[in-house]
């Protein structure tokens with residue numbers, strides 16, 4: 001799951017809630033990567049939103065966590081290098097999230113258009129909502 005999906009679920013976005021319900025029906029393991037945790041938590045620390053941080057902790061407890069480990073770092077570096085060659089540079093955090101998903105063969109749930117560009121460039125499996 002990408003950061004924007006988690007935030008959208010927390011904010012009761014209808015499309016995100018519908019996707020979450022669909023994913024619940026699949027009975028697949030739900031995963032968050034450590035770069036997603038970093039991105040979301042840093043946002044809450046910046047805004048000092050205790051209520052959203054509390055809601056996030058409760059939601060995140062229902063997910064497994066994928067680390068940004070050596071295989072993810074290597075894949076992220078490959079993705080970043082290819083995007084740089086093509087002149088399509090994306091944020092480091094987005095590339096790290098893509099690297100974790102791609103290294104583990106996972107589908108990334110997001111509606112962030114930057115991941116569409118990454119998916120088209122390097123074959124990341126992306127599921128929009």
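Here, each number is a calculation from the coordinates, and none is a lab measurement. Because the structure is predicted, anything quoted here is derived from the model rather than measured. Cβ coordinates were reconstructed from backbone atoms using ideal geometry, including for glycine residues, and neighbour counts include every protein chain displayed.
Using 0.36 nm per residue, how much length does the chain from residue 45 to residue 116 gain when fully extended, once their Cα-Cα distance is taken away?
22.8 nm
Among 54, 121, what is the fewest-to-most ranking by other Cβ atoms within 10 Å?
Lowest to highest Cβ neighbour count: 54, 121.
Compute the orientation-averaged projected area for region 3-127 from the convex hull of its Cα atoms and round it to one decimal in nm².
7.5 nm²
Suppose a student asked you for the relative contact order of region 3-127, using Cα pairs under 8 Å spaced at least 6 residues apart; what percent would you report?
Relative contact order comes out at 25 percent.
To the nearest 10 degrees, how steeply does helix 34-47 sit against the main Cα axis of the chain, on a 0 to 90 scale?
50 degrees
Between the helical axis of 92-104 and the dominant principal axis of the chain, each derived from Cα atoms, what acute angle in degrees is found, rounded to the nearest 10?
Result, in degrees: 90.
Specify the angular offset, from 0 to 90 degrees and rounded to the nearest 10, of the alpha carbon long axis of helix 50-60 from the longest principal axis of the alpha carbons in the chain.
That helix lies at roughly 70 degrees to the long axis.
In deg cm²/dmol and to the nearest 500, what is the mean residue ellipticity at 222 nm of the chain if only DSSP H runs of at least 4 residues count, each as -39500 (n - 2.57), divided by the residue total?
Helix-only estimate at 222 nm: -20500 deg cm²/dmol.
Arranged by the count of other C-beta atoms within 10 angstrom, fewest first, what order do 46, 115, 63 take?
With the sparsest Cβ surroundings first, the list reads 46, 63, 115.
Given points 7 Å out from each Cα along the Cα-Cβ axis, report the residue 55 to residue 86 separation in nanometres with one decimal.
Taking the two extended label points, one gets 3.5 nm.
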